[in-house]
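S.K.: This is the structure, below, for whatever I ask next.
The values are calculated or read from the model by the stated rules, or taken from the named source; none is laboratory data. This structure is a prediction, so every number in the text was calculated from the model and none was measured. Virtual Cβ from ideal backbone geometry, glycine too; neighbours counted across all protein chains shown.
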């Protein structure tokens, strides 16, 4: 709910703090004697994608100042992980970005594999790629549904998106036993091997996903309302995006060619032929379109991975001892391209069974730092869709 | 209700149906439970999934998610309640008009769950507000939420408007609002509401 704070306030310049003593002055250049209005949006707001608060100062309908307030979902992930063994942190990574548990698992496993120098069998690499791209489909589909929900299309596109999401979650559940919190990857591989049935189901999903995408795009992409609401709103320039270390689809929507799958070529991503879609304008519409185009590229990767999928081989490196796992002393930073951007884990080991330092580099939080710059001068209704296009998940922002 | 069966069937032929006020009251309450559109963490996604096509909460009359607490009957506490968020949850609960019900969804909402050892996590929302149904799971499946809703509907069926066991909102001695905790120097103050939560007494040494 948008709850007006009881008093209208005036902030003299942009330097004056939102909290603390406030001065009440009539705005200059305004004959009506109107004042600025401070609105606290959230933490319970139907469209803030979780418990996130924005203190917005409005001049009429235009945003003059915006201060994000987070920490409402700070669950001490890093501190808990520093007091738990390496493997025990794996289920907690599921709950970081709760749409994409598979990619979170992979990022953490990738960091630990770097730290301990573990090799991953080829079959496991293919399984990881397949699951990560399925996760990207889940995330982007749900994001588009939520974004259009924020635009005012209450329900219908979201129901379409969640219908397809359920099909993919069925596969995750058959594999790992859980719909959302898969806890599936292990250091040096994955927990359970694919059965032929799983492969058949994934092939089925990959075969029929394009028809859903075509339907979804027909509904949304050329829609007049979506175009007039999204185009030219919340523009993020190329320079600002780079300077504020924004990553993922947001950065690519601003026209910067940076995809860690191409840059690092981690795993086996050098074996696949796919393109990195780039935006021109860096507005909300570009960010929406980037998600659609990335889903097409993900399907391309999935088709190639299913074709090349090795017949035999191990699903986990048998030399890794997961019990009493003690990597040698050192530090490692492992990063992957999660659906939201660069997800990295930084670990310091002192040779014991607990990490000395465990740090998550969350894409959602760092993409959120640019929120005020995108919202200044926009209408208050557009703040919601700009926030929606950033694609945040509060579990990852606050950790 | 003691009504003569012969009389009742005679009246039914004439299109007159007799029931107690309580039955009608409970029937209408249970058939249109409007939840508050309020998600905290991971469980909120499963709550949305429950409202979407495959699980379809609308079958139970509970699909109208209301963004405003003033229009809601049911609060589904879906996710981890941190100490920063707990005052707002209690405030939202206070803002809901009676009759109101609470479902604590997921391990975090009922006990702190996997994050219980964290310094910032509330160890169960039932420390501050009365919870009608607890759903375990991390996160609970959508079917579990549907089951909880059906369980709540059975509870609503059995509520009494008069007598000793009458409902909370017709009891004059019951507080209409629950005190909102503040974030003190070390912890929430008070750490729990004595009126709704009683710490378990552990019997030690008893053979």
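S.K.: Taking the options A:174, A:111, A:124, name whichever one is touching a strand residue (DSSP E or B) at 6+ places or on another chain (Cβ under 6 Å), over 25 Å from residue A:364 (Cβ atoms), modelled with pLDDT of 90 or more and assigned to a helix (DSSP H, G or I).
M.R.: Only one candidate qualifies: A:124.
S.K.: Could you please let me know if residue B:81 is surrounded by 23 or more Cβ atoms within 10 Å (Cβ to Cβ), under 15 Å from residue B:39 (Cα atoms), at the interface with another protein chain (Cβ under 9 Å from one of its Cβ atoms) and touching a residue at least 12 places away in the same chain (Cβ under 8 Å)? Give the derivation first.
M.R.: Values: surrounded by 23 or more Cβ atoms within 10 Å (Cβ to Cβ): yes; under 15 Å from residue B:39 (Cα atoms): yes; at the interface with another protein chain (Cβ under 9 Å from one of its Cβ atoms): no; touching a residue at least 12 places away in the same chain (Cβ under 8 Å): yes.
No.
S.K.: Follow-up question, since we're still on this one. Taking the stretch A:79-95 on its own, how many of its residues are facing chain B (nearest Cβ under 10 Å) and buried (at least 17 other Cβ atoms within 10 Å of the Cβ)?
M.R.: 6
S.K.: With the structure loaded, tell me whether residue B:42 is out of contact with any strand residue (DSSP E or B) (no Cβ under 9 Å at 6 or more places or on another chain), modelled with pLDDT under 90 and within 10 Å of another protein chain (Cβ to nearest Cβ) or whether it fails that test.
M.R.: So residue B:42 does not fit the description; no.
S.K.: Just one of B:70, B:54 is outside any helix (DSSP H, G or I), within 12 Å of another protein chain (Cβ to nearest Cβ) and either at pLDDT 85 or above or under 20 Å from the mean Cα position of the chain (by Cα) (or both); which is it?
M.R.: Going through B:70, B:54 in turn, just one is outside any helix (DSSP H, G or I), within 12 Å of another protein chain (Cβ to nearest Cβ) and either at pLDDT 85 or above or under 20 Å from the mean Cα position of the chain (by Cα) (or both): B:54.
S.K.: Separate question: Quick one: which strands (runs of 3 or more DSSP E) sit completely within the stretch A:298-399 and have at least 1 residues that are under 16 Å from the mean Cα position of the chain (by Cα) and buried (at least 24 other Cβ atoms within 10 Å of the Cβ)?
M.R.: A:330-338, A:341-349
S.K.: Going by what's in this entry, would residue B:15 be described as within 14 Å of chain A (Cβ to nearest Cβ) and over 30 Å from residue B:170 (Cβ atoms)?
M.R.: No; evaluated as a whole, the condition is false for this residue.
S.K.: Look at the stretch A:207-254 and say how many of its residues are buried (at least 18 other Cβ atoms within 10 Å of the Cβ), without any contact (Cβ under 8 Å) to a residue 40 or more places away in the chain and either touching a strand residue (DSSP E or B) at 6+ places or on another chain (Cβ under 7 Å) or assigned to a loop (DSSP other than H, G, I, E, B) (or both).
M.R.: Residues that pass the stated criteria total 1.
S.K.: Would you check if there is a residue in the stretch B:111-122 being touching a strand residue (DSSP E or B) at 6+ places or on another chain (Cβ under 7 Å), surrounded by 20 or more Cβ atoms within 10 Å (Cβ to Cβ) and more than 14 Å from chain A (Cβ to nearest Cβ)?
M.R.: No, every residue in the stretch B:111-122 fails to be touching a strand residue (DSSP E or B) at 6+ places or on another chain (Cβ under 7 Å), surrounded by 20 or more Cβ atoms within 10 Å (Cβ to Cβ) and more than 14 Å from chain A (Cβ to nearest Cβ).
S.K.: Report, by residue number, each residue of the stretch B:19-39 that is touching a strand residue (DSSP E or B) at 6+ places or on another chain (Cβ under 7 Å) and in a helix (DSSP H, G or I).
M.R.: Hit for the stretch B:19-39 is B:22, nothing else.
S.K.: Okay, next question. Could you tell me which numbered condition residue B:99 fails, if it satisfies all but one of (1) surrounded by fewer than 17 Cβ atoms within 10 Å (Cβ to Cβ); (2) within 14 Å of another protein chain (Cβ to nearest Cβ); (3) part of a loop (DSSP other than H, G, I, E, B)?
M.R.: Here residue B:99 clears every test but (2).
S.K.: Here's another thing I want to ask about it. Suppose we keep only residues that are within 21 Å of residue A:339 (Cα to Cα) and assigned to a loop (DSSP other than H, G, I, E, B) within the stretch A:74-102. Which one would you say is farthest from the chain's Cα centre (by Cα)?
M.R.: A:95
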